[in-house]
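Presented below is the structure to which this report refers.
The values are calculated or read from the model by the stated rules, or taken from the named source; none is laboratory data. Everything numeric here is computed off the predicted structure, so don't read it as measured data. Heads up, the Cβs are rebuilt from the backbone with ideal geometry, glycines too, and the neighbour counts pull from every protein chain shown. SASA here: full protein model, heavy atoms, side chains in, ligands and nucleic acids out. Shrake-Rupley method; radii C 1.70, N 1.55, O 1.52, S 1.80 Å.
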Amino acid sequence: MDDFINYKIVKYNEQYKKEWDFFVNIESINGTFLHTRNFLNYHPKGRFIDNSYMIYDRKGKLAAVIPACLVIKNEKKVLCSHKGSTFGGIVINKKNYRVEKIISIVEIIEKQAIKEEIDEIEYKVTSSVYSIEPDSLFEYIFFNKGYKEYKELSLLVNYSNYNDNIIKNLSKGKKYSVSKSEKAGCKFIQLDSKNEIIEFYNILCNNLNKYNVKPVHTINELIEFKDFRLKNECSFFGIELNQKIVAGAMMFYFNKVNVAHTQYLCALPEYDGLSPMSFLYYSLIKEMKIRGYKKLTWGIVTEEQGKYLNMGLANSKEAFGGEYSINRIYSKILK
């Protein structure tokens, strides 16, 4: 390895918040608002054991950040991409997105982890969909360094391959569902007031109750996102029938790469006969195209690090003309 490729690793603390966020937002090629401290810091202290790193080059310039936390899995100490974010991995700038440099960074993180008596590393890298550069180099380097790869399947709408007449992209069954909702008087609206967000959240909780789980975010967190913390990165929409919200969604916006993402989708089960969820999908596709987004992502259709495929969910999203993308997870046992 050439002598000029030297890096210094520093454990993150709050004094670096401004520098960290500037790097993620402005300088990185694969950083999103989900990696910023502005976002990660909404989590109350104690929810996660933060173990993030910052990598500096020989000139003292920030080259990469690694949003990470510590978890105990099968009695092993695991350094993993921050659980407070959808994905993480190594967030890097263009200058350091080079073969030798990535290898050096991966190695210095491993050495630091071993020093901290960490048993395993698990990265969930930023998908190419949300990156300025593809993740091909990371894919190869992690393979080269002996990491095991897991793949999650995700679906999205790519407007460059999509008919401008949105309804023509849908399957026969989805076209019928949309028509049924429209005839019943369903309307697509943006949810702006606190009461509307609460009504949406109650529907979401109702949907998740059957799985005995709760939303990742509290209602107060969602309202704080919309009004303050993520004012330019999130919004809410719903389907209204007879002045009642019967379905809803939360949207995230990755503005650096012009991609919109559905974070939560839910509907009141007693209205399933009117297919408000299908009408919501269709309406969101139309709305995000009007807003000028290049892609609309729907999230994964797999569970357990891609081992289980939810065929019903995959078929449903395909019926809206969805395309495919892969989220990659890399893990390596150090001891």
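Loop-located GluC sites (Glu not before Pro) in segment 244-312 (DSSP state other than H, G, I, E, B) with a sparse environment of at most 12 neighbouring Cβ atoms within 10 Å: E304. In this simple spin-label model, placing a label point 7 Å from the Cα along the Cα-to-Cβ direction at both L334 and K115 gives a separation of 1.0 nm. Between the listed residues S52, Y42, N96, the Cα displaced farthest toward the positive end of the dipole of segment 1-106, a dipole computed from Cβ unit charges relative to the Cα centre, is found at Y42.
Near G88, the amide H atoms lying under 5 Å from its own belong to K124, V125, T126; only residues 5 or more places off or on other chains count, and H is placed 1.01 Å from N. Pairs of alpha carbons in segment 182-291 separated by more than 23 Å make up 26% of all such pairs.
Per residue, the accessible area of segment 178-335 comes to 48 Å² when a 1.4 Å probe rolls over the protein heavy atoms. Please name whichever of G173, I114, F225 sits farthest to the positive end of the charge dipole of segment 109-248, dipole taken about the Cα centre and charges placed at Cβ: Lys and Arg +1, Asp and Glu -1. Projecting each Cα onto the dipole axis, the largest value belongs to G173.
Take the alpha carbon gyration tensor of segment 215-268, find the square roots of its eigenvalues, order them as a ≥ b ≥ c, and report rounded if a/c is under 1.5; if not, report prolate when a/b exceeds b/c, else oblate. Cα axes put segment 215-268 in the prolate bin. Of the residues Y271, Y308, the one with the largest accessible area comes first in the ranking Y308, Y271, computed with a 1.4 Å probe on protein heavy atoms.
In the distance distribution for segment 231-325, Cα-Cα pairs more than 20 Å apart total 41 percent. The value of relative contact order for segment 24-125, using C-alpha pairs under 8 Å at least six residues apart, is 27 percent.
In this structure, K187 and N6 have a Cβ-Cβ separation that, at R0 = 51 Å, corresponds to a calculated FRET efficiency of about 0.30.
GNM on the chain, alpha-carbon springs under 10 angstrom: the most fluctuating residue among F200, F228, F254 is F228. State whether segment 101-249 is rounded, prolate or oblate according to the following rule on the C-alpha gyration tensor (a ≥ b ≥ c being the square roots of its eigenvalues): a/c under 1.5 gives rounded; otherwise a/b larger than b/c gives prolate, and the remaining case gives oblate. Judged from the Cα gyration tensor, segment 101-249 comes out prolate (a/c at least 1.5, a/b above b/c). Spin-label model, L313 to S136: label points 7 Å out along the Cα-to-beta-carbon direction sit 3.0 nm apart.
Determine the dipole magnitude for segment 187-327: charges of +1 sit on the beta-carbon of Lys and Arg, -1 on that of Asp and Glu, nothing else is charged, the reference point is the Cα centre, and the result goes in debye to the nearest 20.
380 debye
Split the accessible area of segment 1-123 by element, probe 1.4 Å, and carbon with sulfur accounts for 50%. Over the chain, the hull volume per residue, using the convex hull of the C-alpha atoms, is 141 Å³.
Semi-axes of the equivalent ellipsoid of segment 24-79 are 24, 16, 9 Å, computed as sqrt(5λ) over the eigenvalues of the C-alpha gyration tensor in descending order. Each Lys and Arg contributes +1 and each Asp and Glu -1, all at the Cβ; summed about the Cα centre of the chain, the dipole is approximately 260 debye.
The sum of -39500 (n - 2.57) across all DSSP H runs of n ≥ 4, divided by the residue count of the chain, sets its helix-only mean residue ellipticity at 222 nm to -8500 deg cm²/dmol.
Shape verdict for segment 62-151, please, from the Cα gyration tensor: rounded (a/c under 1.5), prolate (a/b greater than b/c) or oblate. Cα axes put segment 62-151 in the prolate bin. Per q in 0.14 Å⁻¹, report the Debye log10 I(q)/I(0) for segment 1-105, using one uniform scatterer on each alpha carbon and no solvent. Debye output, listed in q order: -0.54.
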